[in-house]
Amino acid sequence: DSGVTQTPKHLITATGQRVTLRCSPRSGDLSVYWYQQSLDQGLQFLIQYYNGEERAKGNILERFSAQQFPDLHSELNLSSLELGDSALYFCASSGSQGMNTEAFFGQGTRLTVV
Amino acid sequence: GQQVMQIPQYQHVQEGEDFTTYCNSSTTLSNIQWYKQRPGGHPVFLIQLVKSGEVKKQKRLTFQFGEAKKNSSLHITATQTTDVGTYFCAGVHPRTGKLIFGQGTTLQVKP
């Protein structure tokens, strides 16, 4: 158990809809990262938050947004969903501001867009 | 933009054979991390290399960071069925600070 909690584990929704994925980092970790993993693909970095502020941005679509709340949990919002958005979405947390320390990954949310 | 390439994409070995995966970056990295993802699981941190030419060992696993800090390798000696999974390298860009993952190498071990 990494200590990072993601909900829900599975999500099935229709094209055009909007969903919210939730992540609770390890106790004490201030950084939260979101990654997208498509079938047979590596991990695509989406975005990082550190102590409530956006820290780094990757290949995140404009239809996607995220935020980190004062209690440090984070939410990833995906809107106007397309079939190609079907993927495993991982949240990770670490204790540092930079990505130069071990990241602890949650179990992931498997999103299926039909 | 920064790219991290990993080869091979897949590797099937007989139990007891050795295995190596290679990671190459288009830019110099400040450090490199390795993760393992078991089938149906999530990535789990294995190790981080920081210094040029650094070599670290974990039991049957040997990790190397190149002298130019642009490439890295993971070597597993005498593979076991428990080694099955996808091994990812991830490099940190010194300027952007982003952790960019390679595509991963999926290892299958035949008993």
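General remarks:
- Residues in segment A:51-92 that are under 17 Å from A:Thr20 (Cβ atoms), without any contact (Cβ under 8 Å) to a residue 60 or more places away in the chain and in a strand (DSSP E or B): 11 in all.
- Tabulated pairs, segment B:66-81, first of a type in the set (D, E, K, R), second surrounded by 19 or more Cβ atoms within 10 Å (Cβ to Cβ), C-beta under 7 angstrom, 6+ apart or interchain: B:Lys69/B:Leu29; B:Lys70/B:Ser25; B:Lys70/B:Leu29
- Residue pairs meeting the criteria (Cβ under 6 Å; at least 6 apart or on separate chains; first more than 7 Å from chain A (Cβ to nearest Cβ), in segment B:93-111; second assigned to a strand (DSSP E or B) and open to solvent by less than 10 Å² (accessible area, probe 1.4 Å)): B:Thr105/B:Thr21; B:Thr105/B:Tyr87; B:Leu107/B:Phe19; B:Val109/B:Val13
- Of everything in segment B:1-31 that is under 18 Å from B:Ser52 (Cβ atoms) and touching a strand residue (DSSP E or B) at 6+ places or on another chain (Cβ under 7 Å), the residue that is most open to solvent (accessible area, probe 1.4 Å) is B:Tyr22.
- Filter pass, A:Asp29 being open to solvent by less than 10 Å² (accessible area, probe 1.4 Å), in contact with a Leu (Cβ under 9 Å, 6 or more places away or on another chain) and more than 14 Å from chain B (Cβ to nearest Cβ): no
- Among the criteria (1) modelled with pLDDT under 95; (2) closer than 21 Å to B:Phe101 by Cα, the one A:Asn51 does not fulfil is (2).
- Of the residues making up segment A:93-103, those that are over 22 Å from A:Leu11 (Cβ atoms), more than 7 Å from chain B (Cβ to nearest Cβ) and in contact (Cβ under 8 Å) with a residue 60 or more places away in the chain are A:Ser94, A:Gly95, A:Ser96, A:Gln97.
- Residue under evaluation B:Gly41, criteria (1) open to solvent by less than 30 Å² (accessible area, probe 1.4 Å); (2) outside any loop (DSSP other than H, G, I, E, B), criterion not met: (2)
- Taken together, B:Ser72, B:Ser52 contain a single residue that is in a loop (DSSP other than H, G, I, E, B), more than 22 Å from A:Ser93 (Cβ to Cβ) and at pLDDT 95 or above, which is B:Ser52.
- Any hit, segment A:68-84, residues being open to solvent by less than 10 Å² (accessible area, probe 1.4 Å) and within 12 Å of another protein chain (Cβ to nearest Cβ): no
- Odd one out for A:Ile47 among (1) under 13 Å from the mean Cα position of the chain (by Cα); (2) exposed (fewer than 15 other Cβ atoms within 10 Å of the Cβ): (2)
The values are calculated or read from the model by the stated rules, or taken from the named source; none is laboratory data. Here the structure is a predicted model, which means the values were calculated and not measured. As a convention, Cβ positions derive from the backbone with ideal geometry for all residues, glycine included, and neighbour counts pool all protein chains shown. Accessible surface areas use protein heavy atoms only, side chains included; no ligands, DNA or RNA. Shrake-Rupley method; radii C 1.70, N 1.55, O 1.52, S 1.80 Å.
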